[in-house]
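The values are calculated or read from the model by the stated rules, or taken from the named source; none is laboratory data. Keep in mind that this is a model prediction, so the values were computed, not measured. Counting neighbours? That spans all protein chains shown, and the Cβs are built from the backbone with ideal geometry, glycine included. Only protein heavy atoms, including side chains, enter the accessible area calculation; ligands, DNA and RNA are left aside. Shrake-Rupley method; radii C 1.70, N 1.55, O 1.52, S 1.80 Å.
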Amino acid sequence: MAERWYRNGVIYNLDVRAFQDSNGDGIGDLRGLISRIDYLGRLGVTTLWLSPIHPSPWRDGGYDVIDHYNIDPTLGSLGDFAELMNVADERGLRIMLDLVLNHTSAGHPWFTSACSDPRSAHRDWYVWSEQEPPDRREGMIFPGVQETTWTYSDQAGAWYHHRFHDFQPDLNITNPDVREELAKIVSFWERLGVSGFRIDAAPFMIECTEPGGDPENRDYSVLTELRERTSWRRGDAVFLAEANVPDDDLIRFFGSADGAANRLQMLFAFRLNEALMLSLARQDSTAVADALAALPRLPRHGQWATFLRNHDEVDLSNLRESERETVFAAFGPERRHQLYGRGIRRRLATMLDGGQRRLRMAHSLQFTMPGTPVLRYGDEIGMGEDLRLPERDAIRTPMQWSATTNAGFSTAGAQDLVRPMISEGPYSYEQVNVTDQRRDPDSLLVWFERMLHTRLECGEIGVGDHRVIRVEPAHVFAHRADVPSGSIVFLHNLSDRPARISLPVHIEDGSQPVEVFSDREYPDLDLGDLELDGLGYRWIRLRRSHLRH
């Protein structure tokens, strides 16, 4: 077993349908992903998180599943998946799957059976109400798009609960048969070699839902049971959960039996993400410094997953209204940029106006945060979005491989593509693509390769204790990561104004600080008088020991 492999890795999230088409039908597939696996190996990522790949009517990006034990036929077969596992293993890459256990598609055989007869064995697999629930217009996840959380089924003669869209009925997690089935799903994919699962909508998955009930009534034992089942079969499998909950609840998702995380090993760091966005918008380090200092201490083996952009909107719901408006003004000023009243549906490159220096500084900042970084496909080349597409589809356009037809993604006609290519403007595939950047030693892609490989050599980031270093001016953010074998300090200038910084750090006798990564080659390394260009960044190793501790 590779001990805690997830703590010093890089997770790359991709939508198989939008990555590479191998058969000319306009839809990316597993064989296409296999053909691009060496690109991912060279990039320097260690884990591939695949967005939903199960059979689905694809009304919500595959998060409306109709069969948890198979591959959607447009993507390939279980045999293709096994081949993907083989080629990934050969290159030292791990596979993580999206695990959608909160709900199914309304077309799932379980729900069809549940609606057909009140005596069906699957009736109690879902959440029902004989009377109109008093809270049916409360708790919507997609305000402005979704109108209710309970919908009446004429066939079933009852109301069913759906935290998300009405075509995604929620499973009844209080039913032991449902819990046993969910454990079987996890075991099935584990046996096929999957190393981890990203649990979609984790807080809603463990809700004990009833009409008019308390949405905070959660059964955390569901997570404990899943973790125990995976540990019995594969000791190194990891759960990464989407749980945008108050800080007081975060530790309950990790669990802390005997001081160790006994439920989930990883959670997305939503508070840190919001703070990063606010600091980038203000060009001031205060928000990220405060957020980093306030991060709860995690149980042993617990880990944050850090991100700037993911497959959804930038969620700013936990910021104060004035703070949210600041981020909107900087990164999503137009109404079409915004979504659900709380987020931004743009890629990072366009949010930062395509400025290469600002983009590299922002990614450097994310990749030095405590935890494991998550990178969304296409961000390594600075892809943009297509705001003509609805809601979150704007940031889910096909990967741009080259300046050839359909960006090298597919040989199908443009009308048959899973989503349109970005074909106009500064982010078109003719302007932004892998092939052109591969030839340019100063490109964002080449920079990413260098940064990712450097990051993998800096184990202090993933497992170390992180501390903020208060420095002036305020637009410079400084922090350090320490482990028994080494220490690194990081400087990031959030403004385009250059600065000089005096670092109040102690250097042990015999240690010689070394710059391991920076925006340019700086002159003499004097910690008492460090130069930092506008939008510059510096990773400085203070010490390193190769002795065993």
Study note, to complete from the structure: Karplus ³J(HN,Hα) for segment 25-36 (6.51 cos²θ - 1.76 cosθ + 1.60, θ = phi - 60°; Hz, whole; x = Gly/Pro) runs 8, x, 10, x, 8, 5, 5, x, 4, 4, 5, 10
Review point. Taking only protein heavy atoms and a 1.4 Å probe, what accessible area per residue, in Å², does segment 403-481 have with all protein chains in place?
Key: 45 Å²
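In square angstrom, what is the accessible area per residue of segment 216-265 with a 1.4 angstrom probe? Provide the component values of the computation, followed by the final result.
Details: 2130 Å² over 50 residues.
About 43 Å² of surface per residue is accessible.
Quote to one decimal, in nm, the extra length available between Arg137 and Val468 on full extension: 0.36 nm per residue of separation minus the C-alpha distance between them.
On the way: separation 331, 0.36 × 331 = 119.16 nm, distance 4.33 nm.
Additional length available on full extension: 114.8 nm.
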Revision key, fill the gap. In the chain, taking the dipole from +1 charges on Lys and Arg beta carbons and -1 charges on Asp and Glu beta carbons about the Cα centre, the listed residue (Leu535, Met266, Ala305) farthest towards the positive end is Leu535
Exercise for review: Determine the share of segment 290-385's accessible area contributed by carbon and sulfur atoms, expressed in whole percent, with a 1.4 angstrom probe.
Suggested key: 43 percent
Exercise for review: Provide the per residue accessible area, probe 1.4 Å, for segment 1-78, rounded to a whole number of square angstrom.
Suggested key: 32 Å²
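May I ask you to give the percent of accessible area on segment 202-256 that is carbon plus sulfur, with a probe radius of 1.4 Å? Please report the intermediate quantities before stating the final value.
Working: 970 of 2320 Å².
Percent of accessible area from carbon and sulfur atoms in segment 202-256: 42.
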Exercise for review: Along each of the three principal axes of the Cα atoms of segment 173-295, give the extent in whole Å, ordering the values from largest to smallest.
Suggested key: 50, 40, 28
Point to revise | Estimated D of segment 102-257 in µm² per second, where Rh is the Kirkwood radius over Cα pairs and Stokes-Einstein applies at 10 °C, 1.306 mPa s | key: 96 µm²/s
Exercise for review: Report, in debye and to the nearest 20, how large the dipole of segment 440-549 comes out about its Cα centre when Lys and Arg carry +1 and Asp and Glu carry -1 on their Cβ.
Suggested key: 440 debye
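Using only DSSP helix segments of four residues or longer, with each worth -39500 (n - 2.57), what per-residue ellipticity at 222 nm results for the chain after dividing by its residue count and rounding to 500?
On the way: 16 runs with 148 residues, N = 549.
So the calculated ellipticity at 222 nm is -7500 deg cm²/dmol.
Please tell me the relative contact order of the chain in percent, rounded to the nearest whole number, where contacts are Cα pairs under 8 Å and at least six residues apart. Don't skip to the answer; put the middle values down first.
Values: 1134 pairs, mean separation 69.0, N = 549.
Computed over the chain, the figure is 13 percent.
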Review point. So how compact is segment 489-533: Cα radius of gyration and Dmax in angstrom?
Key: 11.2, 35
Review point. Residue by residue, what Karplus-based ³J(HN,Hα) values in Hz, rounded to whole numbers, does segment 489-502 have, using 6.51, -1.76 and 1.60 with θ = phi - 60° and x for Gly and Pro?
Key: 10, 10, 10, 9, 9, 7, 10, 8, 8, x, 8, 10, 10, 10
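I'd like the antiparallel share, as a percent to the nearest 5, of DSSP beta bridges with both residues in the chain. List each step's numbers first, then the result.
On the way: 41 of 69 bridges.
Approximately 60 percent, going by the DSSP bridge assignments.
Let me spell out the model: positive unit charges on the Cβ of Lys and Arg, negative unit charges on the Cβ of Asp and Glu, origin at the Cα centre of the chain. What dipole size does that give, in debye rounded to 20?
1140 debye
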**Study point:** Alpha-carbon Rg with Dmax, taken over segment 43-126, Å
**Key:** 15.9, 54
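Counting DSSP beta bridges in segment 154-285, what percent are antiparallel, to the nearest 5? Could the numbers behind the result be given before it?
Details: 2 of 8 bridges.
Counting DSSP beta bridges with both partners in segment 154-285, the antiparallel share is about 25 percent.
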Check your understanding: Which one is right for this structure if Cα extents along the principal axes in Å is calculated from it: (1) 105, 55, 38; (2) 78, 56, 48; (3) 80, 63, 47?
Key -> (2)
Review point. Under a Cβ-Cβ cut-off of 9 Å, what is the net charge of the residues other than Ala287 that fall near it, where Lys and Arg count +1 and Asp and Glu count -1?
Key: -3
Exercise for review: Lys and Arg at +1, Asp and Glu at -1: add these up for the other residues within a Cβ distance under 12 Å of Thr411 and post the number.
Suggested key: -3
Exercise for review: Can you pull a Stokes-Einstein diffusion coefficient for segment 290-365 at 37 °C (0.692 mPa s), Rh from Kirkwood over Cα pairs, as a whole number of µm²/s?
Suggested key: 233 µm²/s
**Study point:** Difference of contour (0.36 nm per residue) and Cα-Cα distance, Leu456 to Asn86
**Key:** 130.9 nm
Point to revise | Mean separation of Cα contacts under 8 Å, 6 or more apart, over the residue count of segment 453-500: relative contact order % | key: 30 percent
**Study point:** For Leu387, net neighbour charge (Lys/Arg +1, Asp/Glu -1) across residues whose Cβ lies under 14 Å away
**Key:** +2
